[in-house]
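Remarks on the structure that follows.
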Amino acid sequence: MSIFVKFTIDGQICLAEEGKQLIEAAKENNIYIPTLCNFSGIPPKGSCRICTVLINGKPATACTTKVSENMDIKTSTEELENFRKAVIELLFIEGNHFCPSCEKSGNCELQALAYRYKIMAPQFPYLFPKRSIEAWHPKLIKDHNRCILCKRCIRGIKNEQGKSIFAYGKRGENLEINIDKETSKNISDELAQKCMDICPVGAILVKEKGFTVPIGKRKYDYNPIGSDIEKK
Amino acid sequence: MGNTINAIIKKYNGDETRLMDILLDVQTELGFINDWTVEQISKSLDIPQVEILQTLSFYHFFHREPRGKYTIYLNDSVVSNFYGKEEIKKVFEEELGIKTGQVTPDGLIGLFETACIGMSDQEPAALINEHPFPSLTPDKVKNIVKLMKEKKSIEDIKGNKYGEGNNSHYLMRSLVNNNIREKGAVIFSDYTPGEAVKKIVKELSSTDVIEELKKSYLRGRGGAGFPTGLKWEIARKAKGDIKYIFCNADEGEPGTFKDRVILTELPKLVFEGMIIAGYAVGAKYGILYLRNEYRYMKNYLEHVLQEMREEGLLGSFINGKKGFDFDIRIQCGAGAYVCGEESALIESAEGKRGEPRDRPPFPVESGYLNKPTVVNNVETFCTAVKIILNGAEWYNKMGTKESKGTKVLSISGDCERPGIYELEWGFSVNDILKKAGAKTQDVLAVQVGGPSGNCISEKEFNRILAYEDLSTGGSLIIISKKRDLIKDVVLNFQHFFKEESCGSCVPCRTLTVIYEKIIKKIVDGKGTKSDIDNLLSWAAFMKNNRCGLGQTAANPTISTIKNFRQLYEEKVKGNIELFNPDFDENSAIKDYMEVVNKK
Ligand SMILES: Cc1cc2nc3c(=O)[nH]c(=O)nc-3n(C[C@H](O)[C@H](O)[C@H](O)COP(=O)(O)O)c2cc1C
Ligand code: SF4
Ligand code: SF4
Ligand code: FES
């Protein structure tokens, strides 16, 4: 039998199963904590930092935190919200994001968060990096301009033999995602679609398919990201 | 070539967690690791090529194309630059006829730069095929290049003026000097190897050892200052059939070189500390993680380990005690400062890229191969041995209220006597300046604790080195008034952090780039007042990074704006806010002009 624990988020009393991921526990209590690198069902790796909250006064990422009895959590302080805004802006300025020409527009979590946080012009200088688009793969396109290096593809995708397809290359500002020529060779259409779906932005696309759902009818076109959790 | 690779992989039993060793050995044998080699390793280990590249491309001493029969890595640290690195670089470039970052057309010699190699007391220094060449002068460089062109062996190029003490041991033959300026009562005092092990076997249970350490209030010497007794106790109580003891000899914080000297002169003291930790925690395996820059010590250290095995201090039945088994292996790094962070160190020792882990769980609960793991600094292990030998009471008589015992300091920069000082906690910065032969009136600033620490001005020179006041992992860089603090120090440090970020966290990966960029802009006289304000306010975002690197990566800028604001204001004076002095019309329209064929 599972044990339920009581904790507070911004003063609101919440209940959830002990040891549950804080993101999920908050969701069950109708509280949205923004995420980017987190993906339900795969082990978390706190890399984007956007889900940072205060736990008993100390900053920690909600995606890597398990709830316990009497945890005191703060998520909507001005400082944290400013931080989240900064993370979103930093992701825009470090890559090259031209939303109107992106297949993922409207379904993109980064774009949706930027709308939610009402971002107009970033406070940081644009870096305009030179990045490539890889199209050698028979089924996938890898657009490095849009990659936010969240590692979701690395963590969540294995081929039919259980081998990794994606991995990081280099480090720091040169960090990139590489696709393995061997292990990705014979992936099925379903797996290719899964790669595209796991990516929060338009950095992995399935070839020869596009705009099956027209712009204007996509996931975040009418409902801001997180509103489904908050409305319930 | 295929045979060489297979033999190396066999040596490590085809174990993918030993990928670092495999890559290091392959590179030593073949000179570089190209795509074909990656493919061979991938087939043999049955792991995808991208995963091998993930490790390979993370570390800057691994390379995928040839870097010369002789590969020179010139130290680009702040102190190296103080001591004339630019001139040395120029002489190398002229003599070789290449630019830094290139290899001579005949493939003989490659010239590259690298971050601090732990020789700040004898700069400018370089590594050539992993051998340190300290205190370089233009004449020495000319001679080195001449000998390389004659294809002399590295031993011939080094000559025979080896450094003091064990530096001239036949397995090291290094040109490095120890520069031990002051010996204290704990680390550099009399020591007979094996006595502490003998004592615990005879008199102390594992919990006694931990109790004694707790009573001594020993705190970790790697920077964070975590109580060592408590760490060992948690690891002892942690659930796990196998446990590990790691000694952190990554020593990557620029300006720090004390662990280099301790490992050179007192390796048995370090290893004995690990053995005692093993006894206290119930661990049978120890790993010394040695930074690549210190790989020149590896054969010597292996030899010391072998001696200790023969003396019955390592292996099974240590000192004849049933069940007391412990052995140590050496894991070399391949060039990444972040691997000094304990969880990145563990990842690296498992053959992966050195990306810090999320915590909890902490290594004491789940570390190397997910087993409980103690990670301690070189100096911490040494101190533990002396506490076991002489007792906590003896130890507590030294130091201050909250900082007991002594601290080994690495002192460098603008002073007459750079080197190693073992001092009781409680000395002021002024005391240390005097000891090192720096005149207070000539000193502009002191960088305490490396780039991630604090840059203090004269106003704070009376502060005391202790956990309760100026806490430090032990390095002080003295910066004289003839230096341009922002250009010579801050810019170098911000560049360092940008290069060394693992890239996982968004604020660390991106803001380190922006900090360097804006400091460069200010140095170039194109900054504005709002740049200074932005640098200050953005630092708050860095606090939420995963590890200490990102959390402190804005410190060089922040601590100098706080303590030397006038230096920044002088550099931005006269630049008008609304107008962007950084904007350059010609470069902005360069692409367009090319497209329309106008020059
Ligand atoms: C970026 C970074 C680099 C570090 N480098 C070192 C190092 O070179 N040596 C070291 O002992 N500790 C280093 N540390 C601290 C270690 O994470 C760890 O706290 C220490 O090894 C624990 O040993 P101690 O308790 O004996 O100090 C570093 C930490 C960070 C965040
Ligand atoms: S490709 Fe997509 S899923 Fe993979 S790291 Fe980049 S943004 Fe994340
Ligand atoms: S703070 Fe920087 S170095 Fe540390 S884990 Fe994050 S990105 Fe990597
Ligand atoms: S969602 Fe938690 S760090 Fe990215």
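The values are calculated or read from the model by the stated rules, or taken from the named source; none is laboratory data. Predicted, not measured: the structure shown is a model, and the values here were computed from it. Using ideal geometry, Cβ is built from the backbone for each residue, glycine included, and neighbour counts are taken over all protein chains shown.
Can you name the residue in region A:199-217 that is part of a loop (DSSP other than H, G, I, E, B) and at pLDDT 95 or above and, of all such residues, is farthest from residue A:149 (Cα to Cα)?
A:207
Out of curiosity, is residue A:104 of a type in the set (D, E, K, R), part of a helix (DSSP H, G or I) and away from every other protein chain (no Cβ under 14 Å)?
No, not satisfied.
Kindly indicate the residue of region B:535-552 that is away from chain A (no Cβ under 11 Å) and closer than 12 Å to residue B:497 by Cα and also farthest from the chain's Cα centre (by Cα) among those meeting that condition.
Initial filter on region B:535-552 (away from chain A (no Cβ under 11 Å)): B:535-536, B:539, B:548, B:552.
Narrowing the set further to residues that are closer than 12 Å to residue B:497 by Cα leaves B:548, B:552.
Numbers: B:548: 14, B:552: 16 Å.
Of everything passing the filter in region B:535-552, B:552 is farthest from the chain's Cα centre (by Cα).
Could you tell me which numbered condition residue B:499 fails, if it satisfies all but one of (1) of a type in the set (Asp, Glu); (2) closer than 26 Å to residue B:581 by Cβ; (3) within 14 Å of chain A (Cβ to nearest Cβ)?
(2)
So for region B:304-324 (the condition being away from ligand 2 (no atom under 16 Å from the Cβ) and assigned to a strand (DSSP E or B)), does at least one residue qualify?
yes
Quick check: anything in region A:65-80 assigned to a helix (DSSP H, G or I) and surrounded by fewer than 16 Cβ atoms within 10 Å (Cβ to Cβ)?
yes
For residue A:190, all conditions in the list (1) without any contact (Cβ under 8 Å) to a residue 40 or more places away in the chain; (2) away from chain B (no Cβ under 12 Å); (3) not in a helix (DSSP H, G or I) hold save one; what is the number of the exception?
Every listed condition holds for residue A:190 apart from (3).
Among residues belonging to region A:6-32 that are out of contact with any strand residue (DSSP E or B) (no Cβ under 6 Å at 6 or more places or on another chain) and within 14 Å of another protein chain (Cβ to nearest Cβ), point out the one that is farthest from residue A:195 (Cα to Cα).
So, considering only residues that are out of contact with any strand residue (DSSP E or B) (no Cβ under 6 Å at 6 or more places or on another chain) and within 14 Å of another protein chain (Cβ to nearest Cβ), the one farthest from residue A:195 (Cα to Cα) is A:22.
For residue A:126, are the conditions met, namely being in a loop (DSSP other than H, G, I, E, B), touching a Phe, Trp or Tyr at 6+ places or on another chain (Cβ under 9 Å) and either touching a residue at least 12 places away in the same chain (Cβ under 8 Å) or closer than 27 Å to residue A:30 by Cα (or both)?
yes
Look at residue B:511 and say whether it is closer than 22 Å to residue A:122 by Cβ, among the aliphatic types (A, V, I, L, M) and surrounded by 22 or more Cβ atoms within 10 Å (Cβ to Cβ).
Spelling it out, residue B:511 is indeed closer than 22 Å to residue A:122 by Cβ, among the aliphatic types (A, V, I, L, M) and surrounded by 22 or more Cβ atoms within 10 Å (Cβ to Cβ).
Among the residues of region B:41-57, count how many are within 7 Å of another protein chain (Cβ to nearest Cβ), part of a helix (DSSP H, G or I) and under 9 Å from residue B:353 (Cα atoms).
Here the count works out to 1.
Identify all residues within region A:45-56 that are within 14 Å of ligand 3 (Cβ to nearest atom) and in a loop (DSSP other than H, G, I, E, B); write none if there are none.
Answer for region A:45-56, where residues must be within 14 Å of ligand 3 (Cβ to nearest atom) and in a loop (DSSP other than H, G, I, E, B): A:45, A:46, A:47, A:48, A:49, A:50.
Listed here are the residues, each with its yes/no results for (1) modelled with pLDDT under 95; (2) within 16 Å of ligand 3 (Cβ to nearest atom); (3) within 14 Å of chain A (Cβ to nearest Cβ); (4) surrounded by 24 or more Cβ atoms within 10 Å (Cβ to Cβ).
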{"site": "B:286", "(1), (2), (3), (4)": "no, no, no, yes"}
{"site": "B:323", "(1), (2), (3), (4)": "yes, no, no, no"}
{"site": "B:333", "(1), (2), (3), (4)": "no, yes, yes, yes"}
{"site": "B:339", "(1), (2), (3), (4)": "no, yes, yes, yes"}
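Going through region A:1-41 one residue at a time, which ones are of a type in the set (Val, Ile, Thr), assigned to a loop (DSSP other than H, G, I, E, B) and loosely packed, with under 12 Cβ neighbours inside 10 Å? Break it down into steps so the answer makes sense when it comes.
Going through region A:1-41, the residues of a type in the set (Val, Ile, Thr) turn out to be A:3, A:5, A:8-9, A:13, A:23, A:31, A:33, A:35.
Still in the running and assigned to a loop (DSSP other than H, G, I, E, B): A:3, A:31, A:33, A:35.
Passing the criteria: only A:3.
Can you tell me which of (1) within 14 Å of chain A (Cβ to nearest Cβ); (2) farther than 24 Å from residue B:489 by Cα is the one residue B:70 doesn't meet?
Failing condition for residue B:70: (1).
Among the residues of region B:135-158, write down those that are farther than 24 Å from residue B:79 by Cβ and not in a helix (DSSP H, G or I).
B:150, B:151, B:152, B:153
Are any of the residues in region B:475-494 within 16 Å of ligand 1 (Cβ to nearest atom) and within 14 Å of chain A (Cβ to nearest Cβ)?
Yes, that holds for at least one residue.
How about region A:159-185: which of its residues are closer than 21 Å to residue A:202 by Cα, crowded, with 19+ Cβ neighbours inside 10 Å and without any contact (Cβ under 8 Å) to a residue 40 or more places away in the chain?
Result: A:164, A:165, A:166, A:167, A:168, A:175, A:177, A:178, A:180.
Would you check which residues across region B:273-290 are under 22 Å from the mean Cα position of the chain (by Cα) and under 13 Å from residue B:385 (Cβ atoms) and list them?
Those that are under 22 Å from the mean Cα position of the chain (by Cα) and under 13 Å from residue B:385 (Cβ atoms): B:273, B:274.
Of the conditions (1) part of a helix (DSSP H, G or I); (2) within 16 Å of residue B:50 (Cα to Cα); (3) more than 8 Å from ligand 2 (Cβ to nearest atom), residue A:196 clears all except one; give me its number.
(2)
Return the residues of region A:152-172 that are within 8 Å of chain B (Cβ to nearest Cβ) and either assigned to a strand (DSSP E or B) or within 15 Å of ligand 2 (Cβ to nearest atom) (or both); say none if nothing qualifies.
Correct list: A:164, A:165, A:166, A:167, A:168, A:169, A:170, A:171.
Looking at residue B:532, is it surrounded by fewer than 24 Cβ atoms within 10 Å (Cβ to Cβ), among the β-branched types (Val, Ile, Thr) and at the interface with chain A (Cβ under 10 Å from one of its Cβ atoms)?
For residue B:532, the condition - surrounded by fewer than 24 Cβ atoms within 10 Å (Cβ to Cβ), among the β-branched types (Val, Ile, Thr) and at the interface with chain A (Cβ under 10 Å from one of its Cβ atoms) - is not met.
Pick out the one residue from B:367, B:450 that is in contact with a Pro (Cβ under 8 Å, 6 or more places away or on another chain) and at pLDDT 95 or above.
B:450
Is it the case that residue A:87 is touching a residue at least 60 places away in the same chain (Cβ under 8 Å), buried (at least 18 other Cβ atoms within 10 Å of the Cβ) and not basic (Lys, Arg)?
Criteria not met by residue A:87.
Just need a number here: residues in region B:502-525 that are away from every other protein chain (no Cβ under 14 Å) and touching a Gly at 6+ places or on another chain (Cβ under 8 Å).
Adding up the residues that qualify gives 0.
Given the conditions (1) crowded, with 18+ Cβ neighbours inside 10 Å; (2) over 18 Å from the mean Cα position of the chain (by Cα), and given that residue B:428 satisfies all but one, which numbered condition is not satisfied?
(1)
Please state which one of B:265, B:233, B:211 is under 20 Å from the mean Cα position of the chain (by Cα) and charged (D, E, K, R).
B:265
Need the failing condition index for residue A:202 against (1) more than 9 Å from chain B (Cβ to nearest Cβ); (2) surrounded by fewer than 23 Cβ atoms within 10 Å (Cβ to Cβ); (3) in contact with a Ser or Thr (Cβ under 9 Å, 6 or more places away or on another chain), just the number.
All conditions pass for residue A:202, except number (2).
Among the residues of region B:497-511, which ones are of a type in the set (D, E, K, R) and within 14 Å of ligand 4 (Cβ to nearest atom)?
The initial filter retains those residues of region B:497-511 that are of a type in the set (D, E, K, R), namely B:498-500, B:509.
If the condition is that a residue be of a type in the set (D, E, K, R) and within 14 Å of ligand 4 (Cβ to nearest atom), then B:509 is the only one that fits.
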